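Here the structure comes first, spelled out in structure tokens, and everything after it is commentary.
The values are calculated or read from the model by the stated rules, or taken from the named source; none is laboratory data. Fair warning: this is a prediction, and the values are worked out from it, not measured in the lab. Because the Cβ atoms are built from the backbone with ideal geometry, glycine has one as well, and the counts that use them run over all protein chains shown.
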Amino acid sequence: MNSLVEPTLRHTESTFSTAQVLDALHHVLPAHCILHREEDTRPYECDGLSLYRALPPIVVLPETESQVIAVMRECKRLSVPIVARGAGTGLSGGAMPHAQGVLLGLAKFNRIHSVDPVSATAVVEPGVRNLAISEAAAPYGLYYAPDPSSQVACSIGGNVAENSGGVHCLKYGLTVHNVLRVRVVTIDGDVIELGSEAPDAPGLDLLALFIGSEGMLGVVTEITVKLIPKPACAQVVMASFSSVEAAGQAVTNVIAAGIIPAGLEMMDRRATQMVEPFVKAGYDVEAQAILLCESDGTAEEVEHEIQRMEEIFRQAGATRCQVSRDEAERLLFWAGRKNAFPAAGRISPDYYCMDGTIPRRHLARVLGAIEQMEDEFSLRCANVFHAGDGNLHPLILFDSCKPDEVERAEKFGAAILELCVQVGGTLTGEHGVGMEKINQMCVQFSRDELDAFLAVKRAFDPPGLLNPEKVVPTLARCAEYGKMHVHGGELSFPDLARF
Amino acid sequence: MEFVLSELCDQVMTAHAGHKPLFVCGGGSKSFYGNYRPVTPQDGHCRLDMTAYNGIINYQPSELVVTVRAGTSLAVLEAELAEKDQMLAFEPPHFSESATVGGCVAAGLAGPRRMTVGGVRDFVLGARLLDSQGRLLSFGGEVMKNVAGYDVSRLLAGSQGIFGAIVDVSLKVLPKPFEECSLRFEATQHEALDHFARWRSQPLAISATSWTALDDGSSGAQSRAGANVEGIVTVRLSGAPPAIRAAKASVGGEELGVEQAANWWMALREQTHSFFKRNQPLWRVALPPTTPVQDFGLPTLVEWGGGQRWLSGDIDAHAIRAWAQRLGGHATLFRPAGGVIPSDGVFHPLAAGVAAITRRLKQELDPAGLFNPGRMVLEL
């Protein structure tokens with residue numbers, strides 16, 4: 001199926017048969033927590049990135065921490081790989097099963113243990129949905145800030161694995177800024193706690209290292225999150241621009257004026273034209289780019305800030321400016337942005353979402369280069385952009401029934417990611433490397449740096465059984481990728497400063 | 001490669017070849033912190049002096065990011081940011097004019113604004129590490145969102161140089177608040193903690209809080225920490241004018257003059273307040289902020305909404321650690337009496353599982369045990 005990433009699942013083969021592993025697991029788990037018939041395990045063959053599939057021979061769905069511990073111990077004893085999975089909404093194949101491994105689903109860990117308005121924290125299990133935390137905290141006027149677009153479905157455990165962001169993360173931070181403590185079962189079946197409800201924990205900041213580690217360092221069974229007071233009021237300005245450059249400059253000017261907007265998103269014309277018929281959010285489909293810029297706080301504060309934002313946009317040449325009149329309209333403006341992915345699915349049989357992050361000053365160049373690539377690969381691409389933090393989501397539209405289109409889409413995606421790295425950015429802002437971007441890791445990092453990642457992995461998981469063969473490419477993989485990939489030792493933008 | 005940097009790499013490779021431990025040094029402003037041993041030429045240890053490698057590499061105010069060489073003076077960096085009305089929001093303590101950015105990140109200490117904006121690691125976007133083989137490894141980058149590979153650069157914040165020398169670092173910066181104002185009123189410690197808890201769940205523009213005893217303990221040996229000791233709550237508000245007005249009405253109290261307020265928060269941040277000048281051992285206790293008042297019979301100073309409590313005086317290390325741990329926190333002997341490091345070190349012992357991972361990380365990333373031996377964990 002996949003031209004660029006051929007999962008190499010040959011080594012780490014357990015010497016034990018599936019039947020033996022099943023037998024061992026039946027000793028430690030009730031029968032209803034184990035799935036092994038193909039019709040039961042098939043739904044787990046991929047996560048939100050369905051290009052990458054592997055049928056797991058065994059799926060376990062433990063209900064208690066002691067069951068997770070038992071599964072880890074058995075798998076370690078039998079040298080069986082373990083892939084943890086939350087809600088399966090990930091977009092990088094991070095939860096793609098191992099063809100000879102056990103898929104450890106945490107869906108049954110769905111309890112909210114406590115919501116404490118005095119400490120402004122909640123203690124939750126990893127299978128709790130992101131939005132469910134804010135819903136539980138709402139009666140106290142509190143909420144959990146990171147809001148990935150998939151928040152109705154994605155689980156907090158998956159958010160920890162990916163260090164998920166969302167449209168409000170410029171002001172309120174990523175998962176790493178909003179999780180205080182995690183309880184983790186290690187590959188040895190030991191339980192450790194990282195972080196603390198105190199401002200810090202003794203020793204190294206292992207919590208910061210653990211968040212975003214894509215299920216490769218341990219399995220989370222409990223999470224303490226920080227809750228913050230819900231602002232009394234929020235409003236959004238929608239502004240149209242006649243060029244991407246002008247919109248980018250407007251973003252720069254807002255931040256230079258000392259404003260940190262609660263949300264700041266850009267969509268290009270193809271994206272608005274794609275979304276508008278679907279959501280009817282009132283987007284200006286004639287504009288080359290639109291910005292959505294949100295202010296939150298007290299009513300007075302918002303009024304003051306919205307005025308300044310509007311002024312700045314007009315000075316930067318906005319051709320239209322519209323402020324949400326009420327909460328319904330604010331949500332409608334956002335609905336278009338949050339539904340960009342489904343809208344892509346509506347106008348194209350398939351789409352491939354990229355996740356590079358760039359220093360914002362290179363936005364116009366990068367979007368210009370992507371436009372050229374559309375011709376080169378003969379595919380269309382719509383761009384939505386977390387403008388405040390530089391995280392770009394090009395949506396490459398293709399048709400998977402046409403085999404050459406799949407290959408072109410993947411090459412197009414790889415070219416975009418490498419461009420992001422060249423301008424001083426990164427492969428992935430919030431979706432993770434997973435299986436999908438493992439080859440491009442060879443481009444962003446030197447062999448020594450990749451070896452340091454492997455060293456970190458060994459420190460947490462000496463036998464290398466947790467989500468193996470993802471994120472950090474081996475030497476052999478990089479060598480192979482280097483061969484088929486023409487660099488010619490030349491960078492596309494030799495005049496760009498790189499750091 | 002720049003000459004200064006290649007010299008540093010050479011020094012590391014020489015030390016590695018000669019099996020000589022290296023002590024990574026910036027301005028020495030925080031050399032009192034951690035299990036530090038003075039370096040003497042006789043004991044065969046070497047200093048890796050980072051101060052020559054200095055300067056701002058890239059500052060993009062509109063992208064809220066600055067990349068700085070480790071040896072850069074912290075004061076110079078903050079002055080540069082101030083010119084663009086920006087700041088290091090975690091308000092790192094300098095403790096001396098010689099403080100460097102590398103030392104600031106490696107020590108991982110934050111000031112009064114920590115409770116609302118986060119600590120050092122929350123602002124680290126990327127870093128380059130000079131490792132024990134003299135190689136330069138780059139982690140993270142200059143962008144806000146980055147999940148390519150493990151977040152090693154945030155791990156380096158507060159790692160006290162045990163994995164190598166931080167060579168340069170990219171930090172997120174924030175605009176200075178449009179306005180600030182500080183308020184003050186009298187309250188017992190118990191009342192203060194109640195206020196902090198109430199404010200926590202409200203959208204108020206509070207950026208720092210403190211509680212100090214009216215009598216800072218310099219006059220006698222009475223219990224100074226009990227729930228009913230009279231004291232003063234000081235609160236700093238930061239934000240846009242309407243937010244400040246709203247918070248002022250909620251918090252109440254008497255407004256401090258601009259200079260008086262600046263001096264107050266600086267005295268806490270830099271530990272120049274008389275509380276810190278008692279020539280007694282200074283304990284830092286990090287606790288869940290909701291922890292009620294604990295009476296150890298020692299003068300106490302509360303910061304970070306109750307999350308950071310300082311105790312000044314002689315106290316049994318086992319007792320204070322057991323107490324802090326029971327409450328979900330930990331205790332650090334921040335400034336030992338006479339600067340003498342106790343045999344079990346100044347930091348709270350690690351839980352077994354965390355200690356095992358810490359040991360393996362050190363072995364993996366610095367297998368020769370070259371950098372800052374013992375500084376963070378005595379046996380590493």
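General observations
- Qualifying residue in the stretch A:67-82 (condition: charged (D, E, K, R) and touching a Cys at 6+ places or on another chain (Cβ under 7 Å)): no
- A:Gly189 being surrounded by fewer than 24 Cβ atoms within 10 Å (Cβ to Cβ), in a loop (DSSP other than H, G, I, E, B), at the interface with chain B (Cβ under 7 Å from one of its Cβ atoms) and not basic (Lys, Arg): no
- B:Thr332, sole failed condition from (1) more than 17 Å from B:Tyr36 (Cβ to Cβ); (2) within 13 Å of another protein chain (Cβ to nearest Cβ); (3) among the β-branched types (Val, Ile, Thr): (1)
- Candidates B:Gly328, B:Gly338 - the one that is modelled with pLDDT under 95 and over 19 Å from the mean Cα position of the chain (by Cα): B:Gly338
- Matching entry among B:Leu350, B:Leu361 (being in the same structural domain as B:Arg47 (by TED's automatic domain parsing) and out of contact with any strand residue (DSSP E or B) (no Cβ under 8 Å at 6 or more places or on another chain)): B:Leu361
- Qualifying residue in the stretch B:82-95 (condition: away from every other protein chain (no Cβ under 12 Å), surrounded by fewer than 17 Cβ atoms within 10 Å (Cβ to Cβ), outside any loop (DSSP other than H, G, I, E, B) and charged (D, E, K, R)): yes
- Of the residues examined, B:Leu370 is one that is crowded, with 17+ Cβ neighbours inside 10 Å and away from chain A (no Cβ under 13 Å).
- For the stretch A:151-171, a residue qualifies if it is within 12 Å of chain B (Cβ to nearest Cβ), part of a helix (DSSP H, G or I) and touching a helix residue (DSSP H, G or I) at 6+ places or on another chain (Cβ under 7 Å), and the qualifying residues are A:Asn159, A:Val160.
- When B:Asp122 is tested against (1) surrounded by 23 or more Cβ atoms within 10 Å (Cβ to Cβ); (2) part of a helix (DSSP H, G or I), just one condition goes unmet, and that condition is (1).
- Within the set B:Ala208, B:Ala197, the sole residue that is at pLDDT 95 or above and either crowded, with 19+ Cβ neighbours inside 10 Å or closer than 30 Å to B:Glu364 by Cβ (or both) turns out to be B:Ala208.
- Reported count of residues in the stretch B:134-172, each being in a loop (DSSP other than H, G, I, E, B), at pLDDT 95 or above and out of contact with any Ser or Thr (no Cβ under 7 Å at 6 or more places or on another chain), is 11.
- In summary, B:Pro241 fulfils each of the numbered conditions (1) crowded, with 17+ Cβ neighbours inside 10 Å; (2) modelled with pLDDT under 95; (3) not hydroxyl-bearing (Ser, Thr, Tyr) with the single exception of condition (1).
- Filter result for B:Glu303 (more than 9 Å from chain A (Cβ to nearest Cβ), buried (at least 19 other Cβ atoms within 10 Å of the Cβ) and of a type in the set (Asp, Glu)): yes
- Summed over the stretch A:196-228, the residues that are touching a Gly at 6+ places or on another chain (Cβ under 6 Å) and in contact (Cβ under 8 Å) with a residue 24 or more places away in the chain give a count of 4.
- Within the stretch B:321-350, the set of residues being loosely packed, with under 15 Cβ neighbours inside 10 Å and either of a type in the set (Phe, Trp, Tyr) or on the phi < 0 side of the Ramachandran plot (or both) comprises B:Ala322, B:Arg326, B:Ala337, B:Val340, B:Pro342, B:Ser343, B:Asp344.
- Tallying residues that are more than 20 Å from A:Phe241 (Cβ to Cβ) and buried (at least 16 other Cβ atoms within 10 Å of the Cβ) within the stretch A:317-334 yields 3.
- Tally of residues being under 18 Å from A:Pro359 (Cβ atoms) and assigned to a helix (DSSP H, G or I) across the stretch A:419-443: 5
- Filtered by the rule that a residue be among the aliphatic types (A, V, I, L, M) and assigned to a helix (DSSP H, G or I), the stretch A:330-366 gives A:Leu331, A:Leu332, A:Ala335, A:Ala340, A:Ala343, A:Ala344, A:Ile347, A:Leu363, A:Ala364, A:Val366.
- Residue under evaluation B:Ala351, criteria (1) hydrophobic (A, V, I, L, M, F, W, C); (2) within 14 Å of another protein chain (Cβ to nearest Cβ); (3) touching a residue at least 12 places away in the same chain (Cβ under 8 Å), criterion not met: (3)
- Candidates A:Glu125, A:Glu74, filtered to the one that is within 14 Å of A:Val220 (Cβ to Cβ) and not aliphatic (A, V, I, L, M): A:Glu125
- Residue that is nearest to the other protein chains (Cβ to nearest Cβ) [pool: residues in the stretch B:113-142 that are within 28 Å of B:Ser6 (Cβ to Cβ), in contact (Cβ under 8 Å) with a residue 60 or more places away in the chain and of a type in the set (A, V, I, L, M)]: B:Leu136
- Residues satisfying the stated conditions in the stretch A:160-197, i.e. under 12 Å from the mean Cα position of the chain (by Cα), closer than 24 Å to B:Ala89 by Cβ and of a type outside the set (Val, Ile, Thr): A:Asn163, A:Ser164, A:Gly165, A:Gly166, A:Leu174
- Counted as qualifying within the stretch A:206-308 are the strands (runs of 3 or more DSSP E) with 2 or more residues that are within 30 Å of B:Leu155 (Cβ to Cβ), under 25 Å from the mean Cα position of the chain (by Cα) and away from chain B (no Cβ under 11 Å), namely A:219-226, A:263-268.
- Top-ranked residue in the stretch A:444-478 [being of a type in the set (A, V, I, L, M, F, W, C) and in a loop (DSSP other than H, G, I, E, B); ranked as surrounded by the most Cβ atoms within 10 Å (Cβ to Cβ)]: A:Val471
- Top-ranked residue in the stretch B:193-217 [being closer than 30 Å to B:Asp314 by Cβ and either basic (Lys, Arg) or in a strand (DSSP E or B) (or both); ranked as farthest from the other protein chains (Cβ to nearest Cβ)]: B:Ala213
- Extreme residue, farthest from the chain's Cα centre (by Cα), among residues of the stretch B:13-24 that are outside any loop (DSSP other than H, G, I, E, B) and farther than 11 Å from B:Asp49 by Cα: B:Ala17
- For the stretch A:409-460, filtering for residues that are more than 7 Å from chain B (Cβ to nearest Cβ) and in contact (Cβ under 8 Å) with a residue 24 or more places away in the chain leaves 28.
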